[in-house]
Amino acid sequence: MPLRNIIIIGSGPAGLTAAIYAARANLLPLIIQGLEPGGQLTLATLVENYPGFADGINGSALMGEMRKQAERFGAEIVPDSVVRVSLASSPFKVSTDKQEYDARSLIIASGASAALLGLESEKKLLGRGVSICATCDAAFFKNKNVIVVGGGDSAMEDALFLTRFASQVTVIHRRDKLRASKILQERAFSNKKIDFAWNSVVDDIFDAEKGRVTGVRIRNVKTGALTDTLCNGVFVAIGHKPNTEIFRGQLDMDEKGYIKTSGGTATSVPGVFAAGDVQDPKYRQAITAAGLGCMAALDAQRYLESTDLKKG
């Protein structure tokens with residue numbers, strides 16, 4: 001296989017934006033699209049906070065347009081997943097189930113996966129009332145009753161944000177106290193729109209047959225009692241896991257597995273860059289991921305130019 005200038009791992013907003021910039025710089029990037037082509041944004045039925053679409057756009061359609069734009073400029077996309085990388089020396093080796101590639105530089109945009117409840121109804125209603133992003137979807141629930149599942153900082157931040165739109169927010173937590181920071185707990189407890197269901201979990205979400213959320217079944221983990229509650233939306237906020245396992249031991253990461261970057265998108269290995277949710281535990285938005293993808297492509301381009309100058 002020929003030596004690649006840039007290999008991009010992941011095909012979400014970060015990966016495809018990086019590909020657009022790298023392709024326009026005539027670097028002929030190769031994108032390995034991964035297990036979730038288009039990333040988490042493809043779960044969104046309507047995206048209203050991505051600039052340039054006054055009436056919003058379907059998440060899958062947005063990622064499809066990004067893909068076509070990258071391909072138009074010469075990016076190559078392969079429907080495969082990376083199973084192993086070797087970053088010990090350049091060129092870097094990237095192995096998939098089908099092929100091994102060599103690259104002068106690497107952009108990691110493999111994203112993060114939201115932890116879900118594991119319910120069949122949750123899968124069917126994802127993007128139809130079940131959400132993993134309050135910032136993205138809260139506006140759809142104006143004057144509605146919603147559920148937030150979780151007890152950490154993310155759950156309290158989501159609950160507080162949702163009170164700007166929803167008429168009532170119920171936090172369901174499997175323990176009898178929150179894990180969130182004290183200041184967020186105080187804000188949540190003092191907000192009249194937020195109430196709590198303690199020692200409880202969501203057993204089922206209604207109504208998959210109708211194609212929209214109409215309520216939930218709550219189970220008390222101590223008594224086993226079941227309660228059906230009407231609601232219009234369920235926001236799952238029990239954490240995210242960055243898709244970085246194959247890079248463990250080769251790149252510096254934080255305690256949760258997010259890749260550490262400095263000076264833009266540079267990782268601890270020269271020539272390897274990271275962009276999007278794989279290194280961003282804070283914002284996790286399509287637009288910030290796209291911006292980081294742009295940065296990673298420019299950083300990779302400058303790295304390649306600098307190595308060419310050294311060779312010359």
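Quick notes on this one:
- Every condition in (1) part of a strand (DSSP E or B); (2) of a type in the set (A, V, I, L, M, F, W, C); (3) assigned by TED's automatic domain parsing to the domain that holds residue 125 is met by residue 273 except one, and the failing one is (3).
- Cβ-Cβ contacts under 7 Å between residues 6 or more apart (or on different chains), taken from a first residue in the range 282-306 that is closer than 29 Å to residue 154 by Cβ to a second residue that is surrounded by fewer than 17 Cβ atoms within 10 Å (Cβ to Cβ) and among the small types (Gly, Ala, Ser), are listed as 295/264; 299/264.
- No other residue among 202, 169 is closer than 10 Å to residue 235 by Cβ, crowded, with 20+ Cβ neighbours inside 10 Å and in the same structural domain as residue 226 (by TED's automatic domain parsing) apart from 169.
- When restricted to residues that are part of a loop (DSSP other than H, G, I, E, B), surrounded by 13 or more Cβ atoms within 10 Å (Cβ to Cβ) and not basic (Lys, Arg), the range 226-261 contains 11.
- Check on residue 113, more than 14 Å from residue 233 (Cα to Cα), among the polar types (S, T, N, Q) and buried (at least 21 other Cβ atoms within 10 Å of the Cβ): no
- Residues that are closer than 12 Å to residue 238 by Cα and not β-branched (Val, Ile, Thr), drawn from the range 137-156: 150, 151, 152, 153, 154, 155, 156
- Between 90, 105, 60, the distinction of being free of Cβ contacts under 8 Å to residues at least 60 places away in the same chain, in the same structural domain as residue 251 (by TED's automatic domain parsing) and not aromatic (Phe, Trp, Tyr) belongs to 60 only.
- Only listed residue being of a type in the set (Ser, Thr, Tyr), at pLDDT below 95 and over 20 Å from residue 278 (Cβ atoms), chosen from 113, 60, 81: 60
- Among the residues of the range 179-225, just one is part of a loop (DSSP other than H, G, I, E, B), over 19 Å from residue 116 (Cβ atoms), modelled with pLDDT of 95 or more and touching a helix residue (DSSP H, G or I) at 6+ places or on another chain (Cβ under 7 Å), namely 191.
- Matching strands (runs of 3 or more DSSP E) fully within the range 60-133 where at least 1 residues are aromatic (Phe, Trp, Tyr) and closer than 25 Å to residue 269 by Cα: 92-96, 100-108
Here is a yes/no grid of residues against (1) surrounded by fewer than 23 Cβ atoms within 10 Å (Cβ to Cβ); (2) modelled with pLDDT of 95 or more; (3) among the aromatic types (Phe, Trp, Tyr):
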{"residue": "18", "(1), (2), (3)": "no, yes, no"}
{"residue": "24", "(1), (2), (3)": "yes, yes, no"}
{"residue": "31", "(1), (2), (3)": "no, yes, no"}
{"residue": "42", "(1), (2), (3)": "yes, no, no"}
{"residue": "53", "(1), (2), (3)": "yes, no, yes"}
{"residue": "56", "(1), (2), (3)": "yes, no, no"}
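- Positions within the range 267-287 being modelled with pLDDT under 95 and hydroxyl-bearing (Ser, Thr, Tyr), in sequence order: 283
- Residue 180 being within 30 Å of residue 253 (Cα to Cα) and assigned by TED's automatic domain parsing to the domain that holds residue 292: no
The values are calculated or read from the model by the stated rules, or taken from the named source; none is laboratory data. Bear in mind that the values here come from a model prediction, so they are computed numbers and not experimental data. Here the Cβ is made from the backbone with ideal geometry for all residues, glycine too, and neighbour counts use every protein chain on show.
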